[in-house]
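**Q** Let me give you the structure first, and then I'll get to my questions.
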Protein chains: 2
Amino acid sequence: MGRNKAFSRDQAVDSVMHLIWSQGYQNCSVKAVSEMLGITRSSFYHSFGSMESLFIEVLKRYYVHSPFCAFDQINEQGDILKEICTVFQNICVARVTDKEAKGCLMINSIIELVGSNDILSPPLSSSVDVVLTRLKRLLNAANMQEKLNEKEVEQKALALLNLLIGINVSGKFIKDYEQLWSSTRLSLQSLGVYNADYNMT
Amino acid sequence: MGRNKAFSRDQAVDSVMHLIWSQGYQNCSVKAVSEMLGITRSSFYHSFGSMESLFIEVLKRYYVHSPFCAFDQINEQGDILKEICTVFQNICVARVTDKEAKGCLMINSIIELVGSNDILSPPLSSSVDVVLTRLKRLLNAANMQEKLNEKEVEQKALALLNLLIGINVSGKFIKDYEQLWSSTRLSLQSLGVYNADYNMT
DNA sequence: TATATATTGTACATGTATGTACATTACTTG
DNA sequence: CAAGTAATGTACATACATGTACAATATATA
């Protein structure tokens, strides 16, 4: 019972995600967000509580749009390393293609907020942990023959994460696909993830 | 002739640098900065014109504090690759040591501003170009025997820049030196920059 | 159809933020 | 020491921003 919402929460979270994505969290005031949603600030507070709690909701939603998510789709029975490379390649395409140079919302937010926002730092940090854990799992699965030890897997996973972050930032000023991808491929190849046989261009 | 400034411009730029560094550019209002400097906003505008122009001044000043600057100090006659590794190692130390998790001002600002601030995007992007050019030069100088071609040098330089960016961001949530450095070392080693003989721990 | 209730809107009090016009101050040079 | 000038301060007009109290609205259920 009670009155119906004048807006779809799903759509709202989605458009707020895009706003924060392109403008940064700190640049999104309750006023601006409310106006974009076509509701009053009063309704905003009633529905979402605060910008922080809305952002946490956005963050969960973002995951399915994130470069990280693609790692979850990888079939562990297939050629894992090749699929990892494909994910990286797709990220290069996405970064070069995006005219707004938005980059990755999660990475952007980490830089913007971790260390300064006590409420949002924990969820952001733990989001990264998830990715790191996932990468370790993939590397271990791909590792049946190579036999890296636990520490080496961890190092390599973090190296891949660093590369992921690097690309997402470089994409802000490097708009040439060939340049971005070829250096990414070089890094992947060096780390033993890319194989010349893959022949990706 | 005329009245003396009540503050040292040098000190002012320096403290504004640290404020922006720890809080982010967008979080530093003219009001807050003026109050920190102990001057009125009126004086601020008179002395600096705008936050944007002050930031450009800060950016120049930052360079000598930046991880990038260390590359300029490298003696091209010595063991260039080893010195590059030392720079990376020092960055790992700096990131892990910094309790505020500030990261690199330049990288932070790129993520925060490139693509959204039309005035500050160009100086930020060109700052990166300087670093990339410097890295290419170092790699070429270290390359006398290896004979990489132009493209390969460019790829490797960008790979190093990506690594640099990755570390600076990872340092926000990874506070264990061993973890950060060992994965960085792995990346450097993979790229043929680190040599097991260096024996850096 | 009446009523409970979730949603929305209005209004308020308060603080922050920006940029400028104009007056004041203090110092330097002739 | 007088005059010119750079630096500073005051005041204003305007807009943005936050969070809440209270009233109005719409709808599902009884």
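**Q** For segment A:118-129, just list the computed ³J(HN,Hα) in residue order, Karplus coefficients 6.51, -1.76 and 1.60, θ = phi - 60°, integers in Hz, with x standing in for Gly and Pro.
**A** Calculated HN-Hα couplings, in order: 5, 6, 8, 4, x, x, 5, 4, 6, 4, 5, 4 Hz.
**Q** How many nm separate the modelled label positions at A:H65 and B:A6, each set 7 Å beyond the Cα in the direction of the Cβ?
**A** Between A:H65 and B:A6, the label points sit 4.7 nm apart.
**Q** A further question follows. Short version: ³J(HN,Hα) in whole Hz for each residue of segment B:173-190, in order, from phi by Karplus 6.51 cos²θ - 1.76 cosθ + 1.60 (θ = phi - 60°), x for Gly and Pro, what are they?
**A** For segment B:173-190, the Karplus curve yields 10, 9, 10, 9, 4, 4, 5, 5, 5, 5, 6, 5, 4, 4, 4, 5, 5, 4 Hz.
**Q** Running a GNM on chain B with Cα contacts under 10 Å, which residue among B:K102, B:K156, B:K31 ends up with the highest mean-square fluctuation?
**A** Highest fluctuation of the listed residues: B:K31.
**Q** Counting just the Cα atoms, what span does segment B:66-194 cover along each of its three principal axes? Round to the nearest Å and put the largest first.
**A** For segment B:66-194, the Cα extents along the three principal axes come out at 42, 37, 23 Å.
**Q** Next question, about the same structure. Report in % the part of the accessible area of segment B:82-201 that belongs to carbon and sulfur, leaving out ligands and nucleic acids; probe 1.4 Å.
**A** Values: 2320 of 4730 Å².
Whole-percent figure for carbon plus sulfur exposure: 49.
**Q** Between the helical axis of B:9-23 and the dominant principal axis of chain B, each derived from Cα atoms, what acute angle in degrees is found, rounded to the nearest 10?
**A** So the inclination is approximately 70 degrees.
**Q** Select from A:Y62, A:F173, A:A32 the residue farthest towards the positive end of the dipole of chain A; place +1 on Cβ of Lys and Arg, -1 on Cβ of Asp and Glu, and compute about the Cα centre.
**A** A:A32
**Q** For segment B:66-194, what's the relative contact order in percent, using C-alpha pairs closer than 8 Å and at least 6 residues apart? Before the final figure, lay out each step's value.
**A** Working: 101 pairs, mean separation 48.9, N = 129.
Worked out over segment B:66-194, it gives 38 percent.
**Q** Shortest first and in nm with one decimal, please list how far the B:E76 label point sits from its counterparts in the other copies (point 7 Å along Cα→Cβ).
**A** 5.1
**Q** Turning to a different aspect of this structure: Can you give the Rg to Rh ratio of segment A:9-62, both from alpha-carbon atoms, with Rh computed by the Kirkwood formula? Intermediate results must be reported in sequence, preceding the final value.
**A** Details: Rg = 9.7 Å, Rh = 10.8 Å.
My calculation puts Rg/Rh at 0.90.
**Q** Right, something else. Give the value in nm², to one decimal: projected area of the alpha carbon convex hull of the protein assembly as shown, averaged over all directions. Please list the in-between numbers first.
**A** Values: hull surface 96.5 nm².
One quarter of the hull surface, i.e. the mean projection, equals 24.1 nm².
**Q** Let me ask something else. Segment A:128-201 to segment B:35-105: how many Å between their Cα centroids?
**A** 28
**Q** When chain A is treated as a GNM, springs tying every alpha-carbon pair under 10 Å, which of A:Y45, A:Y62, A:Y177 comes out with the largest mean-square fluctuation?
**A** A:Y45
**Q** Could you go through segment B:97-103 in sequence order and give the Karplus-derived ³J(HN,Hα) for each residue, using 6.51 cos²θ - 1.76 cosθ + 1.60 with θ = phi - 60°, rounded to whole Hz, and x for Gly and Pro?
**A** 6, 5, 5, 6, 6, 6, x
**Q** Relative to the present Cα-Cα distance, how much length would full extension add between B:E152 and B:E100 at 0.36 nm per residue of separation?
**A** Working: separation 52, 0.36 × 52 = 18.72 nm, distance 3.71 nm.
Roughly 15.0 nm would be gained on extension.
The values are calculated or read from the model by the stated rules, or taken from the named source; none is laboratory data. Just so we're clear, the structure is a prediction, and the values are computed from it rather than from any experiment. Because the Cβ atoms are built from the backbone with ideal geometry, glycine has one as well, and the counts that use them run over all protein chains shown. Keep in mind that these areas ignore ligands, DNA and RNA; they rest on the heavy atoms of the full protein, side chains included. Shrake-Rupley method; radii C 1.70, N 1.55, O 1.52, S 1.80 Å.
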